[in-house]
Amino acid sequence: MSEIFMLIEHRQDAIRDISYEMMTCGRALAEKLNTKLTAVFLGYDADKLVESIRDQAHRIMVVNNEVFKEFNAESYQIALAEIIKKENPLLTLIGHTAFGMDLCPALGTQLGIPFTTDCLDVEIIDGKLIATRQMYDGKLNAKIRFRKNPSYLVSLRTGCFPVRDSNIESEIVNIESPISAEPDYRKFVEYIEAAISDVDITKADVVVGVGRGIKKKENLALIEDFASTIGGVVACSRPIVDAEWLPKDRQVGSSGKTVKPKLYIALGISGAFQHVVGMKNSGTIIAINKDQNAPIFNEADYGIVDDLFRVLPTFKNSIIEMKSK
Amino acid sequence: MDIIVCIKRVPQTAEAKVEIESSGKDIVKDRLTFDMNESDMYALEEAVLLKEKFGGTIIAISLSCSDAEDTLRIALAKGADTAIRIKAEDFDELDGYKTAQLLSAVIKDIHFDVIFTGCIATDDAYSQIGATLAELLGIPHATLLTNIEVIDSISHVHRELEGGLQEHIEISIPALFTIQTGINVPRYASLIAIRRAAGKEIKLVGQNEISKDQLLLNTQIEELFIPPVAKQVKIITGSPGEVSKELAGIIREKGLI
């Protein structure tokens, strides 16, 4: 009754961080509303994984069936729809991840309950659900209210809540799976691992990240030259990989790599969330961008508002000079 | 292969100053430029590639005001055969859910094998139209495609997961797919094609064709605001030479290289 539910996301025998983040969010909401948090775990022979989250939610609902060995949005949707219809939670949280993007909108639509996606925060104020989202290339946030309903569905952005220890004693409830085979219209085949790369950007102490602001492929030579002067490797944001100027293994961000170098220099990178999530834990971040409103400046320690091609030559000289001293 | 591509015209805000309008619920749009949503360009290109391989037709559809007809004409110039504009001006406030309901109301009467949409619109960034629309139409879907191959009635698709990982899944068609950027290299429209597209009719669908009674909003924007700053950046000002010296000084002082 008016409980908070969340879906555990796991892949390749590991609970994904977003699950812990959602449970942090879910526990806080449950405490405020004097209710309970239920974690829903769909999987197969995964006692170890269930054990590892035992202290994170008041109740863990386990649906154990071979069909849930790998994520399949359609199988998940069938099982979750049954559970939500039966339990009628006030709010269900799903991760706004590659899995959640496939699942959340279709599930909400099937159930006819109000939903929204990619939320940074969810609050319940006077019984009303309010979500915070980001819009317009991360330049604005929005408070969103929902059509009144006894049950809501929201997908949460990764990295918005901390992973926290908890000491709840979870009650484990096993539930019969409503299905035992993947639907014939969607089958999981296999994972395709990222190709092994010759340059490992996650190992570098200095990373020079480039974005759309470098304008054309030919300018990469200048960046490579700067990077070698400063002793770093060149990485990039998504548009550079989309344009095939650099290989996928140089991409920093949610669908690429997460880097934590001592120094990250962002050149002409606007700072889309998908990029920032992959570099925000760098030791020191320097951003050069001609748009003073670029969201990258919300993450940087030092910022230069200028054309990167005006600054780079003198920056290189200053580094050479510094090293010679 | 009959393909429908859903297209959105969006303000280009990546490098522009975005200001909140007096209602507090929308942005000031008159100084912004507009273009086809980035991932929709890739969705359109993927449709053209499939059509080149299998034959068939492409319908480009957009829920938008009349100024988006230019965007639809670009789609026509790049390879769409026909274009439909659902008149946004007829349907008041919109959210992702209502948008999907309107698209569904039009698409349910059209024959198609595949629907493509972009995986995210850069303005409201919901990433929800595709999966919602598929559910309303009662067809399977997959989001974030980085590859698609159709063999007989089965589509073999790669979806982008996190950290460079992808998954390969099989989905029977008819189905809906949302397309990730980088899946292909979108073509430019030729001048001849642009000229030809200028004369083509864009079919209009409005409140005379779609009943407003059943349409539901899931969400409404209460207010827009500037995001709180995660970290206080120190902006260094001066000539390129001056800022470079200062940066080098910081790097040395902190022992960063």
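Miscellaneous remarks
- Selected from B:ASN218, B:ASN184, A:PRO239, residue furthest toward positive end of dipole (the protein assembly as shown; charges at beta carbon): A:PRO239
- For the protein assembly as shown, with +1 on Lys and Arg beta carbons and -1 on Asp and Glu, the positive-most of A:GLY112, B:VAL229, A:ASN317 along the dipole: A:ASN317
- Under 22 Å of direct C-alpha separation, and excluding same-chain neighbours fewer than eight residues apart, A:LYS216 reaches these lysines: A:LYS248, A:LYS290, A:LYS316.
- Cα gyration tensor category, rounded, prolate or oblate, for the protein assembly as shown with a/c compared to 1.5: oblate
- 1.4 Å probe, heavy atoms, protein only - residues of segment A:104-138 losing at least 30 Å² accessible area vs chain alone: A:PRO105, A:ALA106, A:THR109, A:PHE115, A:THR117, A:ARG133, A:MET135, A:TYR136, A:ASP137
- Heavy-atom accessible surface of segment A:4-175: percent carbon and sulfur, 1.4 Å: 43
- Inter-probe distance in nm under a simple model that places probes 7 Å from Cα toward Cβ, at A:ASP200 and B:SER22: 6.0
- The reciprocal of the average 1/r between distinct C-alpha atoms defines the Kirkwood hydrodynamic radius, which for chain B equals 20.4 Å.
- Normalised per residue, the accessible area of segment A:201-324 is 37 Å², obtained with a 1.4 Å probe and no contribution from ligands, DNA or RNA.
- Cross-link reach is defined here as a Cα-Cα straight distance under 23 Å, omitting same-chain residues fewer than 8 places apart; for B:LYS51 the lysines meeting it are B:LYS8, B:LYS78, B:LYS108, B:LYS200, B:LYS203.
- q = 0.11, 0.16, 0.18, 0.23 Å⁻¹: log10 I(q)/I(0) that the Debye formula gives for segment A:25-90, counting C-alpha atoms only: -0.29, -0.61, -0.75, -1.07
- Put simply, the Cα atoms of segment B:126-257 extend 65, 42, 39 Å along their principal axes, the longest span coming first.
- Burial of 30 Å² or greater, segment A:253-290 residues [accessible area, probe 1.4 Å, versus chain by itself]: A:SER254, A:SER255, A:LYS262, A:LEU263, A:THR284, A:ILE286
- Inter-chain neighbour count for A:173-186: the average number of beta-carbon atoms from partner chains within 10 Å of each residue's beta-carbon is 2.
- Heavy-atom accessible surface that B and A bury in contact, both chains counted, 1.4 Å, Å² to 100: 7800
- Rounded to the nearest 20 debye, the dipole size of segment A:221-321 about its Cα centre is 300 debye, using +1 on the Cβ of Lys and Arg and -1 on the Cβ of Asp and Glu.
- Heavy-atom accessible area order for B:ASP26, B:ASP123, largest first, 1.4 Å probe: B:ASP26, B:ASP123
- Dipole magnitude for segment B:3-205: computed about the Cα centre from +1 point charges on Lys and Arg Cβ and -1 point charges on Asp and Glu Cβ, it is near 680 debye.
- Mean sequence separation of contacting Cα pairs (under 8 Å, at least six apart), scaled by the length of segment B:3-205, corresponds to a relative contact order of 26 percent.
- Segment A:159-167 - phi-based ³J(HN,Hα) in whole Hz, Karplus 6.51/-1.76/1.60, Gly and Pro as x: x, 8, 10, x, 7, 10, 5, 8, 10
- Kirkwood-type radius of segment B:41-102, with distances r between different C-alpha atoms, in Å: 12.6
- The share of accessible area on chain B that comes from carbon and sulfur is 50 percent, using a 1.4 angstrom probe.
- Whether segment A:201-324 is rounded, prolate or oblate, judged on the alpha carbon gyration tensor where a/c under 1.5 counts as rounded: rounded
- P(r), alpha carbons of segment B:1-142 - 5 Å bins starting at zero, rounded %: 2, 10, 19, 23, 22, 13, 7, 3, 1, 0, 0
- Prolate/oblate/rounded label for chain A (Cα gyration tensor, a/c 1.5): prolate
- Selected from A:PRO313, A:PRO162, A:PRO105 as most flexible by GNM, with chain A as the system and alpha-carbon contacts under 10 Å: A:PRO313
- The angle separating the long axis of helix A:73-87 from the principal Cα axis of greatest extent in chain A is about 50 degrees.
- Residue-normalised accessible area of segment A:8-106, given per residue in Å² at a 1.4 Å probe: 36
- For A:MET22, solvent-accessible area (1.4 Å; no DNA, RNA or ligand), Å²: 0
- Take the Cα of B:ILE235, step 7 Å toward its Cβ, do the same at B:ASP92, and the gap between the two points is 4.2 nm.
The values are calculated or read from the model by the stated rules, or taken from the named source; none is laboratory data. Since the model is a prediction, treat every value here as computed from it, not as a measurement. We place every Cβ from the backbone using ideal geometry, glycine too, and count neighbours over all the protein chains shown. Accessible surface areas use protein heavy atoms only, side chains included; no ligands, DNA or RNA. Shrake-Rupley method; radii C 1.70, N 1.55, O 1.52, S 1.80 Å.
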